[in-house]
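The values are calculated or read from the model by the stated rules, or taken from the named source; none is laboratory data. As the structure is a computational prediction, the values presented were derived from the model and not from experiment. So basically every Cβ, Gly included, is an ideal-geometry build from the backbone, and we count neighbours across all protein chains shown. Surface areas here come from the heavy atoms of the whole protein model, side chains and all, with no ligands, DNA or RNA. Shrake-Rupley method; radii C 1.70, N 1.55, O 1.52, S 1.80 Å.
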Amino acid sequence: MEIFVKIIEDAVFAAIAAIGFSAISNPPKVAFKYCALIAAVGHALRYCLTTLWGMHLVWGSFISAFVIGCLAIYFAPKVKCPPETFAYPSLLPMIPGIYAYKSLQAFLMLLGRGSEEEFTHYAYLLQFNGLTCVLVVFAMVLGQMIPIFLFKRKSFSATRG
């Protein structure tokens, strides 16, 4: 029961963040509920893939982004908006901010170190966290773009009546 609560909690916070991110682009009001739903499903799926089933964060992000892209294409004709209106705000809560923060922190710590051991340690942290952050973001972008290109006719005709 406790794990179910964590999954729901993860989904709810992702939905709230997606609503906030989608408000920036000023979509139709009906689009907010779809952005929230897609973000909740995508983020909860990544949580399950990485936490419960032990999948690496990059692959979990790729699969979740693929699902987000598919859901965005599915809901786009209902609101008559491009799928990107739903996909991008739904992806933003999945950006690995902790890895970006740790990369910058390691870089700053690297600059002030005199011993070779400390320098090597912080260089490793910079490489690990920076590469993880870049690969997760790349996997998310690639994952959500594949459905849009696979279903090109459906995704590009979503805005037409």
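A few notes on this one:
- Structure-based [θ]222 nm, the chain - -39500 (n - 2.57) summed over DSSP H runs of at least 4, per residue, nearest 500: -26500 deg cm²/dmol
- Dipole magnitude for segment 11-124: computed about the Cα centre from +1 point charges on Lys and Arg Cβ and -1 point charges on Asp and Glu Cβ, it is near 640 debye.
- Dipole of the chain, positive direction: furthest Cα of LEU108, PRO82, VAL137, with charges on the beta-carbon: PRO82
- Helix 2-24 and the longest principal axis of the C-alpha atoms of the chain enclose an angle of approximately 70°.
- Label corresponding to Rg and Dmax of the Cα atoms in Å when calculated from the structure given, among [x] 17.0, 59; [y] 18.1, 66; [z] 17.1, 51: [y]
- Heavy-atom surface of the chain, accessible at 1.4 Å and reported per residue (Å²): 58 Å²
- Structure remark: mean-square fluctuation, Gaussian network model of the chain, C-alpha springs under 10 Å; the largest value among GLY114, GLY69, GLY143 belongs to GLY114.
- Net length gained if the chain between TRP59 and TYR124 were fully extended (0.36 nm per residue, minus Cα distance): 21.2 nm
- 28 Å Cα cut-off, lysine pairs counted over the chain (separation 8 or more, or different chains): 14
- Estimated at the nearest 10 Å², the accessible area of TYR88 is 100 Å² with a 1.4 Å probe.
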